[in-house]
1. What nm value, rounded to one decimal, do you get for the distance between His263 and His335 when each label is placed 7 Å out toward the C-beta?
2. In nm, to one decimal, how far is the Arg104 label point from the Thr30 one, both placed 7 Å along Cα→Cβ?
3. Any idea of the accessible area per residue across the chain, 1.4 Å probe, to the nearest Å²?
4. What value, in deg cm²/dmol to 500, does the helix sum -39500 (n - 2.57) over DSSP H runs of n ≥ 4 give at 222 nm once divided by the residues of the chain?
5. Compare Val103, Val200 by solvent-accessible area with a 1.4 Å probe and give them largest first, with all protein chains kept in place.
6. Which of rounded, prolate or oblate describes the range 50-181 when judged by the alpha-carbon gyration tensor and an a/c cut-off of 1.5?
7. Mind checking which aspartates and glutamates have their Cα closer than 20 Å to the Cα of Lys22? Skip sequence neighbours fewer than 8 apart in that chain.
8. Keeping all protein chains in position, work out how much accessible area Arg162 exposes to a 1.4 Å probe, and write it in Å² to the nearest 10.
Amino acid sequence: MQEKLEKIKQEALDSLESIKEKDALEKWHTIYLGRNSAVMEVFKSLGTLSKEEKPLVGKAANLVKVALEAASQAKEAILEAQQISESLSKEKIDITLPGRRAVRGRLHPTNQTLREIYRIFGDMGFQIYRSREVETDLMNFQLLNFPPHHPARDMQDTFFIRSEEDRGENPLLLRTHTSPGQIHAMREHTSKYQEDPPPVRIILPGMCYRYEQITSRSEVQFNQVEGLAVGKGITFQDLKGTLSNFARRMFGQAAKTRFRASHFPFTEPSAEMDVGCFLCGGKGCSVCKEAGWLEILGCGMVHPIVLENGGFDPELYSGFAFGMGPERITMMRHHIEDIRYFWTNDLRFLEQF
Ligand code: DAH
(Lines give C-alpha, C1' and ligand atoms only; values in the text may rest on other atoms or scores of the structure.)
Protein backbone atom coordinates (compact mmCIF):
# COMPACT_ATOMS: atom_id res chain seq x y z
CA MET A 1 0.00 0.00 0.00
CA GLN A 2 2.84 2.37 0.90
CA GLU A 3 4.36 1.77 -2.47
CA LYS A 4 1.09 2.35 -4.23
CA LEU A 5 0.65 5.68 -2.44
CA GLU A 6 4.17 6.71 -3.33
CA LYS A 7 3.41 5.93 -6.98
CA ILE A 8 0.19 7.95 -6.87
CA LYS A 9 2.07 10.89 -5.41
CA GLN A 10 4.87 10.72 -7.94
CA GLU A 11 2.51 10.48 -10.87
CA ALA A 12 0.51 13.45 -9.61
CA LEU A 13 3.58 15.56 -9.05
CA ASP A 14 4.97 14.71 -12.49
CA SER A 15 1.73 15.67 -14.12
CA LEU A 16 1.62 18.90 -12.11
CA GLU A 17 5.07 19.81 -13.37
CA SER A 18 3.92 20.21 -16.94
CA ILE A 19 0.89 22.40 -16.17
CA LYS A 20 1.02 25.92 -17.60
CA GLU A 21 -2.52 27.25 -17.19
CA LYS A 22 -5.08 27.70 -14.45
CA ASP A 23 -7.70 25.65 -16.32
CA ALA A 24 -5.36 22.69 -16.51
CA LEU A 25 -4.61 23.05 -12.82
CA GLU A 26 -8.29 22.79 -12.01
CA LYS A 27 -8.60 19.63 -14.04
CA TRP A 28 -5.51 18.24 -12.34
CA HIS A 29 -7.14 18.97 -8.97
CA THR A 30 -10.21 16.95 -9.90
CA ILE A 31 -8.15 14.04 -11.15
CA TYR A 32 -5.68 13.79 -8.25
CA LEU A 33 -7.58 15.20 -5.29
CA GLY A 34 -11.21 14.91 -6.38
CA ARG A 35 -13.78 12.56 -4.94
CA ASN A 36 -12.88 9.74 -7.34
CA SER A 37 -9.14 10.27 -7.23
CA ALA A 38 -6.73 7.44 -6.38
CA VAL A 39 -5.92 8.96 -2.95
CA MET A 40 -9.59 9.18 -2.08
CA GLU A 41 -10.08 5.59 -3.17
CA VAL A 42 -7.42 4.63 -0.61
CA PHE A 43 -9.36 6.46 2.11
CA LYS A 44 -12.54 4.71 1.05
CA SER A 45 -10.85 1.33 1.25
CA LEU A 46 -9.62 1.86 4.83
CA GLY A 47 -12.66 -0.02 6.15
CA THR A 48 -11.53 -3.24 4.52
CA LEU A 49 -8.12 -3.15 6.21
CA SER A 50 -7.03 -4.81 9.44
CA LYS A 51 -6.88 -2.94 12.74
CA GLU A 52 -3.08 -2.69 12.54
CA GLU A 53 -2.92 -1.57 8.94
CA LYS A 54 -5.71 1.00 9.10
CA PRO A 55 -3.91 3.82 11.01
CA LEU A 56 -0.69 3.33 9.10
CA VAL A 57 -2.28 3.49 5.68
CA GLY A 58 -4.60 6.30 6.80
CA LYS A 59 -1.68 8.38 7.93
CA ALA A 60 0.32 7.71 4.80
CA ALA A 61 -2.63 8.56 2.53
CA ASN A 62 -3.17 11.76 4.44
CA LEU A 63 0.45 12.74 4.01
CA VAL A 64 0.12 12.24 0.27
CA LYS A 65 -3.06 14.27 0.18
CA VAL A 66 -1.51 17.13 2.14
CA ALA A 67 1.60 17.06 -0.03
CA LEU A 68 -0.44 17.20 -3.21
CA GLU A 69 -2.56 20.04 -1.91
CA ALA A 70 0.53 22.03 -0.98
CA ALA A 71 2.07 21.37 -4.38
CA SER A 72 -1.10 22.50 -6.14
CA GLN A 73 -1.24 25.70 -4.09
CA ALA A 74 2.39 26.44 -4.87
CA LYS A 75 1.68 25.87 -8.54
CA GLU A 76 -1.29 28.19 -8.43
CA ALA A 77 0.85 30.96 -6.95
CA ILE A 78 3.45 30.47 -9.67
CA LEU A 79 0.84 30.57 -12.42
CA GLU A 80 -0.66 33.77 -11.01
CA ALA A 81 2.72 35.48 -10.80
CA GLN A 82 3.47 34.40 -14.36
CA GLN A 83 0.17 35.79 -15.58
CA ILE A 84 0.81 39.17 -13.97
CA SER A 85 4.33 39.54 -15.30
CA GLU A 86 3.15 38.44 -18.73
CA SER A 87 0.39 41.04 -18.88
CA LEU A 88 2.76 43.68 -17.53
CA SER A 89 5.27 43.01 -20.26
CA LYS A 90 2.61 42.73 -22.97
CA GLU A 91 0.75 45.91 -22.02
CA LYS A 92 3.81 47.90 -21.26
CA ILE A 93 3.21 51.66 -21.22
CA ASP A 94 5.73 53.63 -23.15
CA ILE A 95 6.06 56.71 -21.00
CA THR A 96 8.25 58.39 -23.58
CA LEU A 97 5.33 58.69 -26.02
CA PRO A 98 3.55 62.07 -26.00
CA GLY A 99 0.18 61.92 -24.19
CA ARG A 100 -3.09 61.87 -26.03
CA ARG A 101 -4.18 65.44 -26.43
CA ALA A 102 -7.55 66.31 -24.86
CA VAL A 103 -10.00 67.73 -27.36
CA ARG A 104 -10.24 71.39 -26.67
CA GLY A 105 -13.69 72.91 -26.59
CA ARG A 106 -14.33 76.48 -27.56
CA LEU A 107 -16.79 79.24 -26.97
CA HIS A 108 -19.97 79.31 -28.98
CA PRO A 109 -19.67 81.94 -31.74
CA THR A 110 -22.37 84.05 -30.07
CA ASN A 111 -20.45 84.00 -26.80
CA GLN A 112 -17.32 85.07 -28.63
CA THR A 113 -19.20 88.06 -30.00
CA LEU A 114 -20.76 88.77 -26.62
CA ARG A 115 -17.35 88.86 -24.97
CA GLU A 116 -16.10 91.22 -27.65
CA ILE A 117 -19.11 93.47 -27.00
CA TYR A 118 -18.46 93.37 -23.23
CA ARG A 119 -14.85 94.33 -23.79
CA ILE A 120 -15.66 97.27 -26.03
CA PHE A 121 -18.30 98.70 -23.75
CA GLY A 122 -16.22 97.84 -20.70
CA ASP A 123 -13.49 100.08 -22.09
CA MET A 124 -16.06 102.87 -22.31
CA GLY A 125 -17.00 102.44 -18.66
CA PHE A 126 -20.14 100.32 -19.00
CA GLN A 127 -20.87 97.67 -16.38
CA ILE A 128 -22.77 94.44 -17.01
CA TYR A 129 -26.19 94.08 -15.40
CA ARG A 130 -27.90 90.69 -15.53
CA SER A 131 -31.63 90.64 -15.48
CA ARG A 132 -34.30 87.91 -15.30
CA GLU A 133 -35.65 86.02 -18.31
CA VAL A 134 -39.14 85.52 -16.91
CA GLU A 135 -40.85 88.87 -16.67
CA THR A 136 -44.19 90.40 -15.90
CA ASP A 137 -46.28 92.19 -18.49
CA LEU A 138 -45.75 95.29 -16.38
CA MET A 139 -41.97 95.21 -16.75
CA ASN A 140 -41.76 93.88 -20.27
CA PHE A 141 -44.34 96.28 -21.72
CA GLN A 142 -46.22 98.70 -19.48
CA LEU A 143 -43.37 100.43 -17.67
CA LEU A 144 -41.56 100.72 -21.00
CA ASN A 145 -44.42 102.84 -22.25
CA PHE A 146 -45.98 100.29 -24.59
CA PRO A 147 -49.50 101.42 -25.39
CA PRO A 148 -52.19 98.98 -24.10
CA HIS A 149 -52.89 97.33 -27.43
CA HIS A 150 -49.43 97.33 -28.89
CA PRO A 151 -49.09 94.38 -31.30
CA ALA A 152 -45.94 93.08 -29.53
CA ARG A 153 -48.14 91.92 -26.68
CA ASP A 154 -50.22 89.61 -28.88
CA MET A 155 -49.94 85.85 -28.77
CA GLN A 156 -48.08 86.35 -32.02
CA ASP A 157 -44.86 87.45 -30.41
CA THR A 158 -45.06 86.51 -26.76
CA PHE A 159 -44.61 83.29 -24.80
CA PHE A 160 -46.88 83.53 -21.76
CA ILE A 161 -46.18 81.30 -18.78
CA ARG A 162 -49.83 80.51 -18.00
CA SER A 163 -52.81 79.76 -20.16
CA GLU A 164 -55.03 82.64 -21.21
CA GLU A 165 -57.74 81.88 -18.57
CA ASP A 166 -55.56 82.13 -15.46
CA ARG A 167 -53.09 84.67 -16.69
CA GLY A 168 -54.53 87.49 -14.57
CA GLU A 169 -53.87 91.21 -14.60
CA ASN A 170 -50.11 91.12 -14.83
CA PRO A 171 -49.20 87.90 -16.63
CA LEU A 172 -45.79 86.27 -16.50
CA LEU A 173 -44.01 85.85 -19.79
CA LEU A 174 -40.61 85.10 -21.28
CA ARG A 175 -39.11 88.50 -21.91
CA THR A 176 -39.40 89.52 -25.54
CA HIS A 177 -36.42 91.88 -25.25
CA THR A 178 -33.79 92.88 -22.69
CA SER A 179 -35.34 96.35 -22.25
CA PRO A 180 -37.27 95.47 -19.03
CA GLY A 181 -33.84 95.09 -17.41
CA GLN A 182 -33.55 98.87 -17.80
CA ILE A 183 -36.38 99.33 -15.30
CA HIS A 184 -34.93 96.79 -12.83
CA ALA A 185 -31.50 98.35 -13.04
CA MET A 186 -32.69 101.95 -12.70
CA ARG A 187 -34.95 101.11 -9.75
CA GLU A 188 -32.25 99.18 -7.94
CA HIS A 189 -29.89 102.09 -8.49
CA THR A 190 -32.15 105.03 -7.68
CA SER A 191 -33.64 103.35 -4.59
CA LYS A 192 -30.23 103.57 -2.93
CA TYR A 193 -30.23 107.36 -2.95
CA GLN A 194 -32.49 109.92 -1.30
CA GLU A 195 -31.79 112.45 -4.04
CA ASP A 196 -29.44 113.05 -6.96
CA PRO A 197 -28.49 109.48 -7.89
CA PRO A 198 -25.12 109.27 -9.67
CA PRO A 199 -25.12 108.36 -13.39
CA VAL A 200 -25.64 104.81 -14.70
CA ARG A 201 -23.77 103.22 -17.56
CA ILE A 202 -24.65 99.57 -18.11
CA ILE A 203 -25.12 96.90 -20.72
CA LEU A 204 -27.69 94.16 -20.17
CA PRO A 205 -27.03 90.94 -22.09
CA GLY A 206 -29.20 87.85 -22.20
CA MET A 207 -31.72 85.59 -23.83
CA CYS A 208 -35.02 86.80 -25.25
CA TYR A 209 -37.95 84.86 -26.64
CA ARG A 210 -40.56 85.60 -29.26
CA TYR A 211 -43.33 83.44 -30.52
CA GLU A 212 -42.87 83.71 -34.23
CA GLN A 213 -42.09 81.91 -37.43
CA ILE A 214 -38.55 80.54 -37.55
CA THR A 215 -36.71 81.56 -40.70
CA SER A 216 -33.12 82.04 -41.77
CA ARG A 217 -33.29 85.51 -40.25
CA SER A 218 -35.36 85.04 -37.11
CA GLU A 219 -35.45 82.52 -34.29
CA VAL A 220 -37.81 82.14 -31.31
CA GLN A 221 -34.86 82.42 -28.93
CA PHE A 222 -31.97 84.83 -29.33
CA ASN A 223 -29.62 87.03 -27.36
CA GLN A 224 -29.80 90.76 -27.02
CA VAL A 225 -27.44 93.26 -25.56
CA GLU A 226 -29.24 96.26 -24.19
CA GLY A 227 -27.38 99.42 -23.29
CA LEU A 228 -28.37 102.22 -20.96
CA ALA A 229 -26.67 105.45 -19.97
CA VAL A 230 -28.46 107.90 -17.68
CA GLY A 231 -27.05 111.06 -16.16
CA LYS A 232 -27.23 114.80 -16.22
CA GLY A 233 -26.71 116.43 -19.61
CA ILE A 234 -26.53 113.26 -21.72
CA THR A 235 -27.41 114.09 -25.32
CA PHE A 236 -27.97 112.43 -28.67
CA GLN A 237 -24.35 113.27 -29.46
CA ASP A 238 -23.24 110.93 -26.69
CA LEU A 239 -25.40 108.22 -28.19
CA LYS A 240 -23.96 108.69 -31.66
CA GLY A 241 -20.40 108.91 -30.45
CA THR A 242 -20.68 105.82 -28.25
CA LEU A 243 -22.35 103.67 -30.88
CA SER A 244 -20.14 104.79 -33.78
CA ASN A 245 -17.11 104.05 -31.66
CA PHE A 246 -18.57 100.63 -30.87
CA ALA A 247 -19.11 99.92 -34.57
CA ARG A 248 -15.54 100.87 -35.46
CA ARG A 249 -14.12 98.60 -32.80
CA MET A 250 -16.45 95.76 -33.70
CA PHE A 251 -16.21 95.92 -37.49
CA GLY A 252 -12.91 97.72 -38.08
CA GLN A 253 -11.78 101.34 -38.01
CA ALA A 254 -13.08 101.94 -41.53
CA ALA A 255 -16.64 100.95 -40.58
CA LYS A 256 -19.19 103.58 -41.58
CA THR A 257 -22.34 104.11 -39.57
CA ARG A 258 -25.63 105.74 -40.37
CA PHE A 259 -28.56 106.65 -38.12
CA ARG A 260 -32.10 106.46 -39.47
CA ALA A 261 -35.13 107.84 -37.67
CA SER A 262 -37.28 105.07 -36.24
CA HIS A 263 -39.82 104.43 -33.50
CA PHE A 264 -39.78 102.62 -30.17
CA PRO A 265 -42.25 103.27 -27.34
CA PHE A 266 -39.47 103.61 -24.75
CA THR A 267 -37.26 106.12 -26.60
CA GLU A 268 -37.86 109.56 -28.03
CA PRO A 269 -36.42 110.33 -30.49
CA SER A 270 -35.62 106.83 -31.73
CA ALA A 271 -33.23 105.65 -34.39
CA GLU A 272 -31.78 102.60 -36.02
CA MET A 273 -28.09 102.33 -36.68
CA ASP A 274 -26.76 100.76 -39.88
CA VAL A 275 -23.19 99.86 -40.73
CA GLY A 276 -21.80 99.85 -44.25
CA CYS A 277 -22.13 96.38 -45.78
CA PHE A 278 -19.00 94.32 -45.08
CA LEU A 279 -19.35 92.41 -48.32
CA CYS A 280 -19.81 95.05 -51.01
CA GLY A 281 -18.42 98.00 -49.07
CA GLY A 282 -21.58 99.96 -49.72
CA LYS A 283 -22.04 99.32 -53.44
CA GLY A 284 -25.02 97.05 -52.93
CA CYS A 285 -25.14 93.25 -52.99
CA SER A 286 -27.36 90.30 -52.06
CA VAL A 287 -26.34 90.36 -48.37
CA CYS A 288 -27.45 93.98 -47.87
CA LYS A 289 -30.28 93.59 -50.37
CA GLU A 290 -28.70 96.23 -52.62
CA ALA A 291 -28.91 98.84 -49.85
CA GLY A 292 -25.18 99.02 -49.09
CA TRP A 293 -26.12 99.14 -45.39
CA LEU A 294 -26.94 96.58 -42.72
CA GLU A 295 -29.08 97.37 -39.70
CA ILE A 296 -27.43 96.37 -36.45
CA LEU A 297 -29.32 98.01 -33.61
CA GLY A 298 -32.18 100.15 -32.36
CA CYS A 299 -31.52 103.11 -30.12
CA GLY A 300 -32.79 106.43 -28.86
CA MET A 301 -33.02 108.90 -25.99
CA VAL A 302 -34.75 107.28 -23.02
CA HIS A 303 -38.40 108.38 -22.92
CA PRO A 304 -39.18 110.66 -19.94
CA ILE A 305 -41.90 108.25 -18.79
CA VAL A 306 -39.37 105.41 -18.70
CA LEU A 307 -36.88 107.55 -16.75
CA GLU A 308 -39.61 108.34 -14.27
CA ASN A 309 -40.60 104.67 -14.00
CA GLY A 310 -36.99 103.96 -13.16
CA GLY A 311 -36.90 106.58 -10.40
CA PHE A 312 -35.08 109.35 -12.25
CA ASP A 313 -36.50 112.87 -12.47
CA PRO A 314 -36.77 113.50 -16.22
CA GLU A 315 -36.47 117.25 -15.59
CA LEU A 316 -32.94 116.72 -14.28
CA TYR A 317 -31.80 113.55 -16.00
CA SER A 318 -31.57 112.33 -19.55
CA GLY A 319 -30.13 109.21 -21.12
CA PHE A 320 -29.76 107.04 -24.15
CA ALA A 321 -30.47 103.36 -24.71
CA PHE A 322 -29.85 100.82 -27.41
CA GLY A 323 -30.53 97.20 -28.16
CA MET A 324 -28.65 94.88 -30.50
CA GLY A 325 -28.72 91.21 -31.49
CA PRO A 326 -25.36 89.48 -31.05
CA GLU A 327 -26.40 86.60 -33.32
CA ARG A 328 -27.05 89.07 -36.12
CA ILE A 329 -23.69 90.71 -35.48
CA THR A 330 -21.99 87.30 -35.49
CA MET A 331 -23.66 86.52 -38.81
CA MET A 332 -22.24 89.70 -40.25
CA ARG A 333 -18.76 89.12 -38.87
CA HIS A 334 -18.52 85.56 -40.16
CA HIS A 335 -20.81 85.69 -43.21
CA ILE A 336 -23.25 83.18 -41.70
CA GLU A 337 -26.35 82.95 -43.81
CA ASP A 338 -28.82 81.25 -41.50
CA ILE A 339 -29.56 82.16 -37.88
CA ARG A 340 -30.85 78.63 -37.18
CA TYR A 341 -27.27 77.30 -37.13
CA PHE A 342 -26.77 78.90 -33.72
CA TRP A 343 -29.13 76.42 -32.04
CA THR A 344 -28.65 73.21 -34.02
CA ASN A 345 -25.57 72.20 -31.98
CA ASP A 346 -23.88 70.90 -35.11
CA LEU A 347 -20.14 70.55 -34.52
CA ARG A 348 -19.42 71.00 -38.21
CA PHE A 349 -20.72 74.54 -37.77
CA LEU A 350 -19.42 75.24 -34.27
CA GLU A 351 -15.89 74.01 -34.89
CA GLN A 352 -15.33 76.68 -37.50
CA PHE A 353 -15.07 79.42 -34.89
N1 DAH B 1 -36.14 96.39 -27.37
C2 DAH B 1 -35.96 96.57 -28.78
C3 DAH B 1 -36.29 95.27 -29.51
O4 DAH B 1 -36.26 94.26 -28.94
C5 DAH B 1 -34.57 96.97 -29.11
C6 DAH B 1 -34.24 98.34 -28.64
C7 DAH B 1 -34.49 99.43 -29.44
C8 DAH B 1 -33.74 98.54 -27.39
C9 DAH B 1 -34.20 100.70 -29.02
C10 DAH B 1 -33.44 99.82 -26.95
C11 DAH B 1 -33.67 100.90 -27.78
O12 DAH B 1 -32.95 100.07 -25.73
O13 DAH B 1 -33.39 102.18 -27.34
O14 DAH B 1 -36.56 95.30 -30.68
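The values are calculated or read from the model by the stated rules, or taken from the named source; none is laboratory data. Keep in mind the model is a prediction, meaning the values are calculated, not measured. Methodologically, a virtual Cβ is constructed for each residue, glycine included, from the backbone with ideal geometry; neighbour enumeration extends over all protein chains shown. Just so you know, the surface numbers come from the protein's heavy atoms only, side chains and all, with ligands and any DNA or RNA stripped out. Shrake-Rupley method; radii C 1.70, N 1.55, O 1.52, S 1.80 Å.
1. Here the modelled spin labels are 3.8 nm apart.
2. Each label point lies 7 Å from its Cα, and together they span 6.0 nm.
3. Details: 21150 Å² over 353 residues.
Computed with neighbouring chains in place, this is 60 Å² per residue.
4. Numbers: 11 runs with 139 residues, N = 353.
Dividing the helical sum by the residues of the chain leaves -12500 deg cm²/dmol.
5. On the way: Val103 140, Val200 15 Å².
Descending accessible area places them as Val103, Val200.
6. Working: a/c = 7.48, a/b = 2.87, b/c = 2.60.
Prolate.
7. Within the straight-line cut-off, Lys22 pairs with Glu11, Asp14, Glu69, Glu76, Glu80, Glu86.
8. It works out to around 120 Å².
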